[in-house]
Amino acid sequence: MAGGVWGPARGAPVGALTLTALAEGIRASRGQPTGPPAPGPQPQPELEPAVEEPGRAATTPTAGGEPPSPPPPQEPAPEGPQQTPRSSWEEGALADLAVYTAACLEEAGFVGTQATALTLSSALEAQGHRLEDQVHGLVRGLLAQVPHLAEGRPRRAALRVLSSLALEHSRDVVFALLRCSPAPDRVAAELWRSLSRNQRVNGQVLVQLLWALKGSAGSQLEALAATRALGEMLSVSGCVGATRGFYPNLLLVLVTQLHELARDAHSPDTPKVWVPSHRGPPHSHASCTVEALKALLTGDGGRMVVTCMEQAGGWRRLVGAGTHLEGVLLLASALVAHADHHLRGLFADLLPRLRSTDDAQRLTAMAFFTGLLQSRPTARLLREEVILERLRAWQGDPEPTVRWLGLLGLGHLALNHGKVRHATTLLPALLGALGEGDPKLVDAALGSLRRVLLQPRAPVRLLSAELRPRLPPLLDDTRDSVRASAVGLLGTLVRRGRGGLRVGLRRPLRKLVLQSLVPLLLRLHDPSPDTAESSEWTLARCDQALHWGLLEEMVTVAHYDSPEALSRICHRMVQWYPSHVPSFLSQTQGYLRSPQGPLRRAAALLTGFLVHHSSPSHVNQDLLDSLFQDLGRLRSDPEPAVAAAARVSGQQVALLARAQPQPCGRSLWGLRHLPCPGRPRPRPARPPPVYADSPFQHRSHPGRWGCSGPG
C-alpha cells in the first residue's frame, strides 16, 4: 500500500474499526462472506477490493488530518485488444474508493473529509475525464452502495463524501441525484436529507433545486424529482433557515407550479397509478408540491398558516382546476394574518410577474397581489394611486378572472385604509360589476361593496340610492351565491343606516327595505341554506332598525315555519304600511309561479294572511281577480301541500272580494251572485285561514336544543 496514489503510510491507519466495518459492508454488498474481524492490524488484502481500480495502483490513506499529496502522473495503459472498457464495476469501485478514504479520514473532522473530496476530484481530473461525468458516476455508485452499508460510521462517511462534493460542485451533485432518482426512492431521500443537515452546503443545494425547478418547464419528470427533493430537504428541522434571501421566490415558484398542474388536467404524474411494487407513499406531483409548500411554511414558523389553510380547505382549492386562485387568495390571507415577516419580499418578487406572458405566473401573481392588499404596511410599498390605476386596468380586461381579481382588490383596498377614499373610482366599478353574467364577478362586487359599508363615514345615502334599482333583482337571482350575497349586503346597508332610519331619514333606504320585505320573508324558505340564513339575519337588522318588534316571530317562521307567527307578521305589515299592501301582494304573486315547491307554498300562505288582514279598501278588484286565478291554477299543483295551501288562500281572496262594494252584475272569476251595492248586506267577520303543517324539511326541529318548539 506504501507509495500509492494517496502517498506513503505513516503508521497505523486512523479509524481501524471503521475500516473493518466498512470492508464488511462492501463485501456484503458484493455477495462475499463476512465474518468477525481478526485481532490485530487488518491484512492489506482484505481492503484491496475496496480501493483498487483497474489501471490504478493500490492506495493507502494518509494518517491524521493533513491533506493527502496529489497523485503522481500515471502512464497510459497500452492500447490493444486486451484493454477492458470502462464498466459499471469501475463506477462501483470509484464509489468504494470515496467511502473507504472518507472512513480513514473520519476522525479528522470536516477538514479531512473536505480534503478527501478535493483529492478525489484531482484524481478524477488526472484521468482526463470531465469532472461532472465522474460526479454522476460517483453519485450513482453511492446510491447503489449506501443501502448495503451498516448504520453508523460507514454510512455517515459515505454521506459526508456527498456533502463535500456538493460544497465544491453543488450543481453537478444536484443534477446527478435528480437524474439518478426520478422515482420515489428511500436511499435518494436519505441523501437529500443528509445534504439538508449540512449547514455549509444546504443553501447551495436548495438554490440549485430552485433553478432546476424553474428550468424544468418542459419536463414534468424533472420538475417532480426537484419538487420531491425540496420536500425532503425542507422537512429537516432548521433547513428552511437556509432559504433566507430567496424564500419568497421559492414560495411563488411552488404555488405557480400548482397552478400549472391544475391547469393541465392531463399532466403526467409519477407514478400515475400506485401499486404495491412502488416504494413509498402514493404521491402525485401536486401532492408532492403541497407537501413541500407545507414544509417550507412550517419550518419558517408558519404552522398557523398551514392550519388555517387546512381548516378553510385551502390546500384542496390550490390543486383544483377551477379553484386554484381561490386557494392562492386564502394562502395570502393566512400569510397576512400569521406570517407577515415575508410579505414585503413576496410583494417585491411578484410585481415583475404581473407582466409575465405566462398565464400561470401572471394569474398567480395577480391573486397574491390582490390578497396582500389586506396588509396595510405591504400595500404602502406602492403609491395608492398606482394600485388603483392597476386595479382599474384589470376591470377592462377581457378575461373574467382578471376582472374578478380586480374587484376583490378594490374591496381589500377599501378595507385596508380604514376609511373610504377615492369613492369616485371605487363605487362606479363595483356597481357596474353587479350586471356581470359571471356569478364570481357579482359575488366579488357585492363583497367589496359590503367592505366599503363597513368603513367609517361610508356613503350610506349614496349607496342606498344607487342600490335601490340594482339590488332587488339580485334577491331573486337564480344563482344561490348571488342571492345570499345580495341579501347580506342589504342587511349590512340597513345596519349602517340604522340611526337615520330611526329618525325618519334615509328615505331611499326605507323604500329599499319595504321593496325587499316580501322577498326576504319568502327567502326564509329558500332551498339554499346560505340564502335562508342570510335572510333571517337581514330581517333581524330590519326589525331592529324600524322597531317592528317581530324578531321572535321572524325566527319562529325561519326555523319552524309557523303559520301563527307569519300571521302576526302580516298583520303588522298591513297595519303599519297600508299603502304598500298592493305592492306586497303583487310581489307575492310572482312567487306563486316559482319552480321551487317550498317557495310556492310560502307564497300561498303569505298571500292568504295578507288578504285576511287587509281591508276591502286596500286592494282593488283587478288584483283580486288575478290572485284568484293564479291560486286556482295551484289547486292542481303536483305538490299536495302547495295545492292545499292554494285552496285555503283562494277562499280568503273570495271572502275579501265579497266584502268589497261592487256594481251590479260584476262577478269575480269563479264566484256567482255577488250582491249589488244598493242592497243592504251584513259584513260578517272573515274567518282566519287555517293551514296544515309544512311537509318540507325545516332548518330547525323542536327538541334539538332541549326545547319543545313554539307554543
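The values are calculated or read from the model by the stated rules, or taken from the named source; none is laboratory data. Quantities reported herein were computed from a predicted structural model and do not represent experimental measurements. Because the Cβ atoms are built from the backbone with ideal geometry, glycine has one as well, and the counts that use them run over all protein chains shown. To get the accessible areas, we keep the full protein, side chains included, count just its heavy atoms, and leave off ligands, DNA and RNA. Shrake-Rupley method; radii C 1.70, N 1.55, O 1.52, S 1.80 Å.
Within segment 409-449, track down each residue that is among the β-branched types (Val, Ile, Thr) and either at pLDDT 90 or above or in contact with a helix residue (DSSP H, G or I) (Cβ under 8 Å, 6 or more places away or on another chain) (or both). Scanning segment 409-449 gives Val420, Thr425, Val442. Only residues that are open to solvent by less than 50 Å² (accessible area, probe 1.4 Å), free of Cβ contacts under 8 Å to residues at least 60 places away in the same chain and assigned to a helix (DSSP H, G or I) were counted in segment 344-356, giving 2. Counting only residues that are part of a helix (DSSP H, G or I), open to solvent by 40 Å² or more (accessible area, probe 1.4 Å) and among the basic types (Lys, Arg), segment 584-604 holds 0 of them.
Residues in segment 424-453 that are of a type in the set (A, V, I, L, M, F, W, C) and touching a residue at least 40 places away in the same chain (Cβ under 8 Å): how many? The number of residues fulfilling the criteria is 8.
Mind listing whichever residues of segment 328-343 are modelled with pLDDT of 90 or more and either more than 15 Å from Leu297 (Cα to Cα) or part of a loop (DSSP other than H, G, I, E, B) (or both)? Within segment 328-343, just Leu329 meets the criteria.
Can we say Arg403 is without any contact (Cβ under 8 Å) to a residue 60 or more places away in the chain, open to solvent by 10 Å² or more (accessible area, probe 1.4 Å) and in contact with a Leu (Cβ under 8 Å, 6 or more places away or on another chain)? Yes: the conditions hold for Arg403.
Report yes if Leu509 is in contact with a helix residue (DSSP H, G or I) (Cβ under 6 Å, 6 or more places away or on another chain), at pLDDT 95 or above and open to solvent by less than 70 Å² (accessible area, probe 1.4 Å), otherwise no. So Leu509 fails the test. Entry remark, segment 368-396: residues being surrounded by fewer than 14 Cβ atoms within 10 Å (Cβ to Cβ), among the charged types (D, E, K, R) and touching a residue at least 24 places away in the same chain (Cβ under 8 Å) number 1 in total. For segment 676-691, the condition of being at pLDDT below 90 and either part of a helix (DSSP H, G or I) or small (Gly, Ala, Ser) (or both) holds for at least one residue. A residue that is at pLDDT below 75, open to solvent by 10 Å² or more (accessible area, probe 1.4 Å) and within 23 Å of Tyr247 (Cα to Cα) cannot be found anywhere in segment 182-203. Gly488 satisfies every condition listed in (1) within 23 Å of the chain's Cα centre (by Cα); (2) at pLDDT 95 or above except (1).
Test Arg160 against the stated conditions and say whether it is open to solvent by 10 Å² or more (accessible area, probe 1.4 Å) and modelled with pLDDT of 80 or more. No, not satisfied. Take the conditions (1) of a type outside the set (D, E, K, R); (2) more than 17 Å from His259 (Cα to Cα); (3) modelled with pLDDT under 90; (4) out of contact with any His (no Cβ under 9 Å at 6 or more places or on another chain); Gly322 misses just one of them, which is (2).
Kindly indicate the residue of segment 163-181 that is crowded, with 20+ Cβ neighbours inside 10 Å and more than 16 Å from Gln204 (Cβ to Cβ) and also modelled with the lowest pLDDT among those meeting that condition. Step by step, filter segment 163-181, then rank; the result is Ser181. The number of residues in segment 627-638 being within 16 Å of Pro598 (Cα to Cα) and open to solvent by 70 Å² or more (accessible area, probe 1.4 Å) comes to 3.
The condition of being over 26 Å from Thr298 (Cα atoms) and among the hydrophobic types (A, V, I, L, M, F, W, C) holds for only one of Leu213, Leu177, Leu165, that being Leu165. Screening the candidates Val557, Val619 for the property of being open to solvent by less than 40 Å² (accessible area, probe 1.4 Å), among the aliphatic types (A, V, I, L, M) and outside any helix (DSSP H, G or I) yields one hit, Val619. Would you mind stating whether His612 is over 27 Å from Ser528 (Cβ atoms), touching a Cys at 6+ places or on another chain (Cβ under 9 Å), open to solvent by 10 Å² or more (accessible area, probe 1.4 Å) and not polar (S, T, N, Q)? Yes; evaluated as a whole, the condition is true for this residue.
As for segment 560-572, it holds no residue that is loosely packed, with under 15 Cβ neighbours inside 10 Å, on the phi < 0 side of the Ramachandran plot and touching a helix residue (DSSP H, G or I) at 6+ places or on another chain (Cβ under 7 Å). Ala365: small (Gly, Ala, Ser), within 19 Å of the chain's Cα centre (by Cα) and surrounded by fewer than 16 Cβ atoms within 10 Å (Cβ to Cβ), yes or no? Here the answer is no, as Ala365 does not meet what is asked. Has segment 566-577 got any residue that is in contact with a Lys or Arg (Cβ under 6 Å, 6 or more places away or on another chain), among the aliphatic types (A, V, I, L, M) and over 20 Å from Gly597 (Cα atoms)? No, there is no match, as no residue in segment 566-577 is in contact with a Lys or Arg (Cβ under 6 Å, 6 or more places away or on another chain), among the aliphatic types (A, V, I, L, M) and over 20 Å from Gly597 (Cα atoms).
Among residues of segment 684-695 that are among the small types (Gly, Ala, Ser), those with a Cβ under 7 angstrom from a residue that is surrounded by 13 or more Cβ atoms within 10 Å (Cβ to Cβ) and assigned to a loop (DSSP other than H, G, I, E, B), sequence gap 6+ or separate chain, pair up as Ser694/Asp561.
Go through segment 308-340 and report how many residues are out of contact with any Lys or Arg (no Cβ under 9 Å at 6 or more places or on another chain), under 15 Å from Ala367 (Cβ atoms) and either surrounded by fewer than 16 Cβ atoms within 10 Å (Cβ to Cβ) or of a type in the set (Ser, Thr, Tyr) (or both). Number satisfying all stated conditions: 2.
Of the residues screened, Trp537 is one that is farther than 17 Å from Arg601 by Cβ and open to solvent by 40 Å² or more (accessible area, probe 1.4 Å).
Taken over segment 205-241, residues that are open to solvent by 10 Å² or more (accessible area, probe 1.4 Å), outside any helix (DSSP H, G or I) and among the polar types (S, T, N, Q) amount to 3.
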